[in-house]
Amino acid sequence: MSEVVAMAGQAYMRQLQAHPLRTKAITSGVLAGCSDAIAQKISGVTNLQRRRLLLIMVGLSGATNCVTVEQHDVYAVLWSGRPFSQVKSKLKKDYASVQLTAWKFWPIVSWINYEYMPLQLRVLFHSFVASCW
């Protein structure tokens, strides 16, 4: 098993060297999609909202550095298929606390990322932490 993981890591690093932007964009999109799928399952959705997954994966992979985690959360609420009144009340209720928490959490993550992560792995690290967030 460890050989398979090592080979996958080496293949990823080769792709990162050969095609850095494409590899980072795909990595970000895949991790965002996986994160959203897990969040949907945890929230009790029986059938995954595939349109929402696709929009998140394509949107984030196309604009890796332009979409913040907070914007991603707003988009996820908007794409959830709820009536606008529910979306508006959820944003009004939760957005301030999520934003304040993000202001405490993401500067630390960014500091660790810029201080300790090699340049070619920074998007992977940030996307992984965002998936856990």
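Derivation of every value follows stated rules applied to the coordinates shown; laboratory data play no part. Only a predicted model underlies this, so the values are computations on that prediction, with no experimental measurement involved. Heads up, the Cβs are rebuilt from the backbone with ideal geometry, glycines too, and the neighbour counts pull from every protein chain shown.
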What is the gain in length, in nm to one decimal, between CYS34 and ASN47 on full extension, counting 0.36 nm per residue of separation less the C-alpha to C-alpha distance?
3.2 nm
Scoring only Lys, Arg, Asp and Glu (+1, +1, -1, -1) among other residues with Cβ under 14 Å from the Cβ of GLY33 yields +3
Fewest-first ordering of THR101, THR23, THR46 by Cβ atoms within 10 Å yields THR46, THR101, THR23
Just want the ordering: LEU21, LEU54, from fewest to most Cβ atoms lying within 10 Å of their own Cβ.
LEU21, LEU54
Based on other C-beta atoms within 10 Å, arrange MET7, MET1, MET117 from fewest to most.
MET1, MET7, MET117
